[in-house]
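Peer 1: Submitted below is the structure of interest, expressed as structure tokens.
Bear in mind that the values in this text are calculations on the coordinates, not laboratory data. Predicted model, so just to flag it, every value in this text is computed and none were measured. A quick note on method: Cβ atoms are made from the backbone with ideal geometry, for glycine too, and the neighbour counts reach across all protein chains shown.
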Amino acid sequence: MKVVTVGNHKGGVGKSTLACNIAVEATKEGRKVLLIDADTQKSSMDFRGLRAEVDVPQFNAVAVTNPTIHKDIASFNAFDLVIIDAGGRDTGPFRSALLASDLLVIPALPSQLDIWSTENTVTLLEEARTFKEINACFVANRVIPNSNIAKEAYQALIDIGILLLNTKIHSRVAFAYSISEGKGVTEYEPHGKAAQEMREFYKEVKSWL
Ligand SMILES: Nc1ncnc2c1ncn2[C@@H]1O[C@H](COP(=O)(O)OP(=O)(O)OP(=O)(O)O)[C@@H](O)[C@H]1O
Ligand SMILES: [Mg+2]
């Protein structure tokens, strides 16, 4: 069993969107997937509920919003991949998710301000790393098509010392529309650009596990 947390304290950066899409990609590959929603907003649980009504391969999901994920994780070992949607305002479940994780994926919007605002997230990662080896990477999300990530933002990432994935996920309506239909982007528009980015992103995530 491998555990991936998609987390960032900053709101609206795409944690739930990416966590749900990783769950879809891994399920399509035939992996036994559990999505843990550690955010009280329960967006991932809502997605799971919508998806149950659609004729697509299903995965399991549970909501765990108390700081016991690292203690409970062993009981989920029948799954190949556990994905945790974490990092809302409450640091308890996020710390706990980190202690359960092999990899932390930090979605960040491609502006310097947004990257600076990941400071809390990185501090908690460093704390957790004193107990456990945890890989971590940034992924730029909602990048405006035909724009580059600001040079200063790149530098800010380099200064933090956490690798930025090669895949840039652009701002595309397919990410929002697909979620509201209970589908991943590769199911919603298999030949679209969003789907292509998701496949590349998932491939990179897998290479870290
Ligand atoms: N690449 C993208 N292109 C277009 N829209 C996106 C993209 N990623 C996320 N969104 C949209 O941005 C909004 C925030 O995304 P999401 O809910 O996944 O973020 P979050 O980090 O989980 O937010 P929260 O902190 O509220 O849990 C949603 O409306 C989602 O549809
Ligand atoms: Mg969310």
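Peer 1: Given labels modelled 7 Å from the Cα in the Cβ direction, how far is it in nm from GLN41 to LYS193?
Peer 2: Result: 2.5 nm between the two label points.
Peer 1: Kindly state, to the nearest 0.05, the FRET efficiency for LYS28 paired with GLU152, given R0 = 30 Å and r defined as their beta-carbon distance.
Peer 2: 0.20
Peer 1: Could you calculate the FRET efficiency of LEU163 with SER75 from 1/(1 + (r/R0)^6), where r is the beta carbon distance between them and R0 is 25 Å, rounded to 0.05?
Peer 2: 0.20
Peer 1: Treat the count of other C-beta atoms within 10 Å as a stand-in for reagent exposure and order TRP208, TRP116 from fewest to most.
Peer 2: TRP116, TRP208
Peer 1: Give, to the nearest whole percent, the P(r) tail of segment 2-207 beyond 22 angstrom, counting all Cα pairs.
Peer 2: Here the long-distance tail beyond 22 Å is 44 percent of all Cα pairs in segment 2-207.
Peer 1: How large are Rg and Dmax for segment 27-108 when calculated on the C-alpha trace, in angstrom?
Peer 2: For segment 27-108, the Cα radius of gyration and maximum Cα-Cα distance read 12.6, 36 Å.
Peer 1: Under the definition of Cα pairs under 8 Å and six or more residues apart, what whole-number percent is the relative contact order of the chain?
Peer 2: The normalised contact order for the chain reaches 25 percent.
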